[in-house]
C-alpha cells in the first residue's frame with residue numbers, strides 16, 4: 001500500500017513539474033514582455049548573488065578590498081548593459097547593427113557625457129596606480145575620512161562622525177593619503193622654572209618606556225622627548241612625540257597627555273599654573 005501511495009505521489013510530482021515547465025515554455029517564453037521580465041529577473045538575481053558573494057569576502061589587505069568593491073560596482077553596470085541588449089534582441093532588434101551604425105551618435109553622446117567617462121577612466125587609473133585603497137585614511141579638499149568604497153564612477157569616504165561624502169573619481173585631486181606612512185602624535189607639558197631640568201631629563205627614558213608598555217596596542221614605538229619647546233611666562237614647556245597609526249591620531253595625544261601628567265606627578269613635578277606676585281612697597 002505504501003509503495004502504491006509513493007508511486008502515486010511521485011507521478012503527481014512529475015506531472016506538476018512537467019506542467020510547470022510546459023506553462024513556462026507555453027506562456028512565458030512565447031510572450032516577449034514576459035521573456036524580458038524573466039530574463040531581467042534572472043540577470044538581476046545573478047548580479048545580486050555575485051555582489052553578495054563579493055561583500056561576504058573580507059580580505060585583510062586594503063588592495064584586495066579595493067578590488068572587491070570595484071568588481072561589485074562593475075557588476076551593476078554590466079548587469080544593466082546585459083539587460084538592455086538582451087531585451088532589444090528579444091524584441092527582434094539587431095543589436096550588432098545598431099552598435100555598428102551609431103558611431104557618430106556615440107561620439108556626440110561621449111562629448112556630452114565627458115564627466116562620466118572621466119570618472120570611469122580616473123577610477124581605473126587609480127586602481128592600477130594604487131593611489132589609495134579601501135580602508136585608507138585620506139584627506140581630499142579639507143575632508144578627512146576613511147575610504148569606504150571605490151566604485152567605477154565615485155569614491156565614498158566616511159569621517160569620524162559617520163558622515164559619508166561621495167566624490168566623483170575625476171574630482172579626487174590633491175589627495176593626502178595618511179595611511180602610507182606612520183603618523184606622529186605630539187604632546188606638550190609645562191614644568192616650573194624651579195625644576196631641576198637635567199635631573200628630570202635623566203628620568204624621562206624610563207617614563208617613556210613605561211608609557212609604551214601600557215599602550216603598545218596604539219603606539220608603534222616608545223614616546224620620544226624632543227626637548228624644551230618654549231619658555232613661557234610662568235613655565236617651561238617640554239615637547240614629546242610618538243609614532244602611531246593614522247587611525248589613532250586623535251586618541252593617542254589624549255593618552256599621552258594623561259600619562260605624562262600622572263608620570264610627572266609621580267616624579268615629584270607638578271604642572272604649574274599662572275600666578276600673580278604682589279609686592280607691597
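Miscellaneous remarks
- FRET efficiency, residue 182 to residue 80 (Cβ-Cβ, R0 45 Å, nearest 0.05): 0.60
- On the basis of the beta-carbon distance and an R0 of 45 Å, residue 174 and residue 35 show a calculated FRET efficiency of 0.35.
- Taking other C-beta atoms within 10 angstrom as a stand-in for reagent exposure, 203, 173 fall in the order 173, 203, fewest first.
- The per residue volume of the convex hull around the alpha-carbon atoms of the stretch 119-177 is 64 Å³.
- The stretch 164-255: C-alpha gyration tensor shape, a/c 1.5 cut-off, then a/b vs b/c: prolate
- Once the Cα-Cα distance is subtracted from the 0.36 nm per residue extended length, the residue 162 to residue 262 segment shows a gain of 32.7 nm.
- Residue 234/residue 213 FRET efficiency (R0 30 Å; Cβ-Cβ; nearest 0.05): 0.35
- Counting beta carbons within 10 Å around each of 134, 121 and listing the fewest first gives the order 121, 134.
- Sequence of 258, 279 once ranked by neighbouring C-beta atoms within 10 Å, starting from the fewest: 279, 258
- For the stretch 205-281, the Rg and Dmax computed from alpha carbons only, in angstrom: 15.6, 58
- A simple spin-label model places pseudo-atoms 7 Å from Cα toward Cβ; at residue 91 and residue 45 they are separated by 2.4 nm.
- Measuring nothing but how far apart in sequence close Cα pairs (under 8 Å, 6+ apart) lie, relative to its length, the stretch 110-257 scores a relative contact order of 20 percent.
- Remark: the residue 194-residue 141 segment gains 14.4 nm on full extension, using 0.36 nm per residue and subtracting the alpha carbon distance.
- The modelled label-to-label distance for the pair residue 57/residue 270, using points 7 Å beyond Cα in the direction of Cβ, is 6.3 nm.
- Share of alpha-carbon pairs per 5 Å distance bin for the stretch 179-231, given as whole %: 4, 15, 24, 23, 17, 10, 5, 2, 0
All of the numbers you see were taken from the coordinates with simple rules; none came from a lab. Bear in mind that the values here come from a model prediction, so they are computed numbers and not experimental data. No Cβ is skipped: glycine too gets one built from the backbone with ideal geometry, and neighbour counts run over all protein chains shown.
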